[in-house]
Amino acid sequence: MAWIEFHGATIKRLKKFNDLKRMLNLSTLETMGLLGTFWGEVIELAEDGDISKWDADYLCSTVGLRLNPERVWSAMVTTGWINMTDDGLFLVHDWLEYAWRYLDAKYRTSNPDRLVQIKAKHSKTVFRPSLDGPPNQPNLTQPNQTKNNIVGFDFEAVWSRYPNKDGKKHALRHFNASVKTPEDYVNIQRALDNYLKSGRVFNGYVKNGSTWFNSWQDWIDYKEEICVKCKNRGKFVSATGYETVCDCPKGNGIRLSKS
């Protein structure tokens, strides 16, 4: 029976784990499940870690993920879970770290040449999409692409999360003008996370879509000021023991919801 090593506690602390989680808008558990299922299927279906014959649709159907297949494949490559070699192979990143003990036990005596072949494949030079790359870097994050293609990022995936649907046409224009690299794509989703958690949105003040997408960078490192009374919960227990609605933005939101 095939098996791989899986160090979940270590994996979930990796930056690229959180980048993948953010790019696909998944929970920690869902992202862990995606990677675990992915590796489990690879060891069964492509034990050498070479998934060059897979396409985006096959990847999603294999791991049982109901998301846009191209978006999933692009995210897996962009965040470094799938590598593309200079000669066009798609290899699972660090595959020998996960699968070597199993492969070594299987082939060390019966077929040592197989181990040599697998090691050679994973020693190839790897193309890594740069988070600081130029806007026109090749789209090597999709299977069977040429170096003349350009990186594309999924506007609809971000737009679907934005609560005010006014101004979509201009929002798209701002998105295309400002999201040029994988790092930008990760950052705009981080910015949206911060915006949706802010007191302004909590109180019902949501910007027109085109306005927010024109200045989304302001929210990348935004941190909500913590109310000393209620710790941003909107309510606190007074000195006399009564629960009191705070006069901070969260508290005002509670008042508005009851009016």
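The values are calculated or read from the model by the stated rules, or taken from the named source; none is laboratory data. Here the structure is a predicted model, which means the values were calculated and not measured. For neighbour counting, all protein chains shown are included, and Cβ atoms are generated from backbone atoms with ideal geometry for every residue, glycine included.
Of the conditions (1) within 17 Å of P182 (Cβ to Cβ); (2) in contact with a strand residue (DSSP E or B) (Cβ under 9 Å, 6 or more places away or on another chain), G49 fails just one. Which one is it?
(1)
Has region 172-193 got at least one residue that is over 27 Å from S74 (Cβ atoms) and either in contact (Cβ under 8 Å) with a residue 40 or more places away in the chain or part of a loop (DSSP other than H, G, I, E, B) (or both)? I'd like the intermediate steps shown before the answer.
Start the filter on region 172-193 by keeping residues that are over 27 Å from S74 (Cβ atoms), which leaves none.
No, region 172-193 contains no residue that is over 27 Å from S74 (Cβ atoms) and either in contact (Cβ under 8 Å) with a residue 40 or more places away in the chain or part of a loop (DSSP other than H, G, I, E, B) (or both).
Kindly indicate which of K231, K207, K165 is assigned to a loop (DSSP other than H, G, I, E, B), surrounded by 18 or more Cβ atoms within 10 Å (Cβ to Cβ), more than 22 Å from the chain's Cα centre (by Cα) and not hydrophobic (A, V, I, L, M, F, W, C). Please lay out each step first, then the result.
Working: K231 fails: surrounded by 18 or more Cβ atoms within 10 Å (Cβ to Cβ); K165 fails: surrounded by 18 or more Cβ atoms within 10 Å (Cβ to Cβ).
Answer to the selection: K207.
Which condition does D48 not pass, out of (1) farther than 18 Å from R190 by Cβ; (2) part of a helix (DSSP H, G or I); (3) at pLDDT 90 or above, if it passes all the others?
D48 satisfies all of (1) farther than 18 Å from R190 by Cβ; (2) part of a helix (DSSP H, G or I); (3) at pLDDT 90 or above except (2).
Among residues belonging to region 1-45 that are of a type in the set (V, I, T) and assigned to a helix (DSSP H, G or I), point out the one that is farthest from the chain's Cα centre (by Cα). Quick ask: steps written out before the conclusion?
Just the residues of region 1-45 that are of a type in the set (V, I, T), to begin with: 4, 10-11, 28, 31, 37, 42-43.
So of that shortlist, the ones also assigned to a helix (DSSP H, G or I) come out as 10-11, 28, 31, 37, 42-43.
On the way: T10: 17, I11: 14, T28: 10, T31: 9, T37: 16, V42: 20, I43: 23 Å.
The selected residue is I43.
Pairs please, first residue from region 14-37 and on the phi > 0 side of the Ramachandran plot, second anywhere and of a type in the set (G, A, S) and surrounded by 15 or more Cβ atoms within 10 Å (Cβ to Cβ), Cβ atoms under 9 Å, 6+ apart in sequence or on different chains.
The qualifying pairs are N25/A157.
Which pairs do you get when a residue that is over 10 Å from L24 (Cα atoms), found in region 54-76, comes within reach of a residue that is of a type in the set (S, T, N, Q) and surrounded by fewer than 16 Cβ atoms within 10 Å (Cβ to Cβ), reach meaning Cβ atoms under 6 angstrom, with the pair 6+ apart or on two chains?
V63/T37
Give just the number: which of (1) in the same structural domain as M23 (by TED's automatic domain parsing); (2) among the aliphatic types (A, V, I, L, M); (3) at pLDDT below 90 does V186 not satisfy?
(1)
Hey, among E183, E225, which residue is more than 26 Å from the chain's Cα centre (by Cα) and among the acidic types (D, E)? Steps first, please.
Working: E183 fails: more than 26 Å from the chain's Cα centre (by Cα).
Only one candidate qualifies: E225.
Does region 196-212 contain at least one residue that is β-branched (V, I, T) and modelled with pLDDT of 85 or more? Outline the logic, then answer.
At the first step, the residues of region 196-212 found to be β-branched (V, I, T) are 201, 206, 211.
Checking which are modelled with pLDDT of 85 or more leaves us with 206, 211.
The answer is yes, given that some residue of region 196-212 is β-branched (V, I, T) and modelled with pLDDT of 85 or more.
Are there any pairs, at least 6 apart or on different chains, whose C-beta atoms fall under 8 Å, with the first in region 217-244 and under 29 Å from R190 (Cα atoms) and polar (S, T, N, Q) and the second at pLDDT below 75 and not in a loop (DSSP other than H, G, I, E, B), and if so, which?
These pairs meet every condition: N232/K250.
Give A105, A99, A2 a once-over and let me know the one that is free of Cβ contacts under 8 Å to residues at least 60 places away in the same chain and farther than 25 Å from I220 by Cα.
Only one candidate passes the filter, namely A105.
Filtering region 77-92 down to residues that are in contact with a helix residue (DSSP H, G or I) (Cβ under 9 Å, 6 or more places away or on another chain) and without any contact (Cβ under 8 Å) to a residue 60 or more places away in the chain, which residue is surrounded by the fewest Cβ atoms within 10 Å (Cβ to Cβ)?
Result: L89.
Filter region 52-89 down to residues that are under 21 Å from T181 (Cα atoms) and touching a Lys or Arg at 6+ places or on another chain (Cβ under 8 Å) and give me whichever is modelled with the highest pLDDT.
Looking at residues that are under 21 Å from T181 (Cα atoms) and touching a Lys or Arg at 6+ places or on another chain (Cβ under 8 Å), I get W81.
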